[in-house]
Ligand code: SF4
């Protein structure tokens, strides 16, 4: 049995682990990565188009983003928008280089609403999952750490296929609780060496399933 643990994490790593430790272990400890598929490619393409439109590389809103045309137009007019920034955080949550991060975070888009307020947006392709709102709390925590003057964060998920927004608000008073919550969430993942399979509704499409010639018994 391997005694390796997961040394670094991200929201997507934690989300995968929460769904199935075996899947996370295969992908992030043993390096058995699922090849890209049509859904992943579509998500990447949408992110790429959104970044290009917000940064002004393209001037016509792509069909895939059209349900958020007004919102994208508003954001693209700003001159203080940041896209696809990569941040790293050490295990004491101090900021560090992305490559050295214990936690690694990539924010789709954010801008300063005022000197003490940020607006953060994460783009989603595909179905609406309430679970995704946890991602906003992690990104808000990262923003509060990166920008000590920020007191309030409005964070949105934009479900590009549906035109649905899920919005959350955070204040600096939330930081101690957010640290406690995220430290507790990731602690079991970061000491796990067994990565036991957890059968679930996604097994039939799982790359690691024995039905797809993977090594999982399910
Ligand atoms: S088939 Fe199911 S139990 Fe096995 S790794 Fe995939 S998600 Fe986990």
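We did not get these values from a lab; they are worked out from the coordinates using the rules stated. All values reported here derive from a predicted model rather than from experimental measurement. For neighbour counting, all protein chains shown are included, and Cβ atoms are generated from backbone atoms with ideal geometry for every residue, glycine included.
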Along each principal axis of its Cα atoms, how long is the stretch 14-117 end to end? Whole angstroms, biggest number first, please. 43, 37, 21
So if I restrict to the alpha-carbon atoms in the stretch 33-75, what is the Rg, and what is Dmax, the biggest pairwise distance, in Å? 11.9, 37
Taking only the Cα atoms of the stretch 11-212, how large is their convex hull per residue, in Å³? 134 Å³
At a Förster distance of 30 Å, what's the computed FRET efficiency of residue 48 paired with residue 133, Cβ-Cβ distance as r, to 0.05? 0.80
What is the gain in length, in nm to one decimal, between residue 193 and residue 34 on full extension, counting 0.36 nm per residue of separation less the C-alpha to C-alpha distance? 55.2 nm
Label residue 212 and residue 117 with points 7 Å out from Cα along Cα→Cβ: what is the distance between them in nm? 4.4 nm
What is the angle, in °, between the Cα long axis of helix 133-146 and the longest principal axis of the Cα atoms in the chain? Nearest 10 is fine, range 0 to 90. 70 degrees
Please give the per residue volume of the convex hull enclosing the alpha carbon atoms of the stretch 91-179, rounded to a whole number of Å³. 103 Å³
The chain: calculated mean residue ellipticity at 222 nm from DSSP helix runs of at least 4, using -39500 (n - 2.57): -10500 deg cm²/dmol
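For residue 167 and residue 41, calculate 0.36 nm times their separation in residues minus their Cα-Cα distance, and state this gained length in nm to one decimal.
42.8 nm
Can you give the FRET efficiency to the nearest 0.05 for residue 74 and residue 18, using r as the Cβ-Cβ distance and R₀ = 30 Å?
0.35
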Once you have the Cα-Cα distance between residue 177 and residue 97, take 0.36 nm times their residue separation minus that, and quote the gain in nm to one decimal. 26.3 nm
